[in-house]
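Chemist: Could you have a look at this structure, given as structure tokens, before my questions?
The values are calculated or read from the model by the stated rules, or taken from the named source; none is laboratory data. Being a predicted model, the structure only gives us computed values, none of them experimental. Glycine gets a Cβ as well: all are built from the backbone with ideal geometry, and neighbour counts include every protein chain shown.
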Amino acid sequence: MSQRPDEVTGRSYTQIPAVSQPHLLCAPAPAAAARPWHEEPMAQSGKTRMRWYAAYTRSRHEKTVAHQLVSKGIETFLPLYETVRRWKNGDHRVELPLFPGYAFARFVLDDRLAVLKVPGVVRLVGFNGTPAPLEDAEVEGLRKMLAAGVKAVPHPYLTEGRRVRITGGPLAGREGILVRRKGAVRVVLSIDLIQRSVLVDVDASELEPAG
């Protein structure tokens, strides 16, 4: 049985809450190209390797947390996607986190207290009481995907289905689960550490069976 990650604070460890589909006030219009919210870090002289970690945030505090992390000179990555919300005064195009409830930060593990002290940060995700880093290639893949204008929207965490490998484009080498909707071919990509998934548009000619 696979191990579920802890969400790490300075004091306690709890399991990640169950994943649910992000609530929409109305069915979104076709998503525009997602884009990253990303800032480069100030110069740092860490003695150990800097790694990417996932910070679990309070509800709807992802952007606030990202801004505060950047203000502290911490390299921050908050992927966003564009959708339409219907309010009383009409439809409005808004940018929302691609991974609701999470912001990504790159730092030396010994400096994690600076992240945990940011208002809105609840925990750092990890195992057995220790924050667990994301693979650098995983984060860089997301950056390349968004920079290339690949359409992506949140999707319920998915672990079962027909696994495929993407052979071309900015997502080349990534594996996911094939989904067909309204004649379109899409792939669900997941970050297992935070148990979150996204649905991306792909060209069927750039897919091959995985495994």
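Chemist: With respect to PRO156, is the statement that it is of a type outside the set (D, E, K, R) and buried (at least 17 other Cβ atoms within 10 Å of the Cβ) true?
Modeler: Judged against the criteria, PRO156 is not a match.
Chemist: Here's another thing I want to ask about it. Residues ALA114, ALA66: which one is surrounded by fewer than 21 Cβ atoms within 10 Å (Cβ to Cβ), more than 19 Å from VAL198 (Cα to Cα) and small (Gly, Ala, Ser)?
Modeler: ALA114
Chemist: If you don't mind, another one. Name the residues in the range 171-198 that are assigned to a strand (DSSP E or B) and more than 23 Å from PRO133 (Cα to Cα), would you?
Modeler: ILE177, LEU178, VAL179, ARG180, ARG181, ALA184, VAL185, ARG186, VAL187
Okay, residues lined up against (1) of a type in the set (S, T, N, Q); (2) in a helix (DSSP H, G or I); (3) modelled with pLDDT under 95; (4) surrounded by fewer than 16 Cβ atoms within 10 Å (Cβ to Cβ):
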residue: VAL118; (1), (2), (3), (4): no, no, no, no
residue: GLY126; (1), (2), (3), (4): no, no, no, no
residue: GLU140; (1), (2), (3), (4): no, yes, yes, yes
residue: MET145; (1), (2), (3), (4): no, yes, yes, no
residue: GLY149; (1), (2), (3), (4): no, no, yes, yes
residue: VAL164; (1), (2), (3), (4): no, no, no, no
residue: GLY169; (1), (2), (3), (4): no, no, yes, yes
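Chemist: Can you tell me which condition ALA103 does not meet? The list is (1) under 17 Å from the mean Cα position of the chain (by Cα); (2) modelled with pLDDT of 95 or more; (3) in a loop (DSSP other than H, G, I, E, B), and all the others hold.
Modeler: Looking at each condition in turn, ALA103 falls short on (3).
Chemist: Consider the range 108-120. How many of its residues are farther than 16 Å from GLY73 by Cβ, of a type in the set (A, V, I, L, M, F, W, C) and in contact with a helix residue (DSSP H, G or I) (Cβ under 7 Å, 6 or more places away or on another chain)?
Modeler: 0
Chemist: Can you tell me which of (1) without any contact (Cβ under 8 Å) to a residue 40 or more places away in the chain; (2) part of a strand (DSSP E or B) is the one VAL122 doesn't meet?
Modeler: (1)
Chemist: Do we find a residue being under 13 Å from the mean Cα position of the chain (by Cα) and either under 30 Å from ASP110 (Cα atoms) or of a type in the set (Lys, Arg) (or both) anywhere in the range 157-177?
Modeler: No: the range 157-177 contains no residue that is under 13 Å from the mean Cα position of the chain (by Cα) and either under 30 Å from ASP110 (Cα atoms) or of a type in the set (Lys, Arg) (or both).
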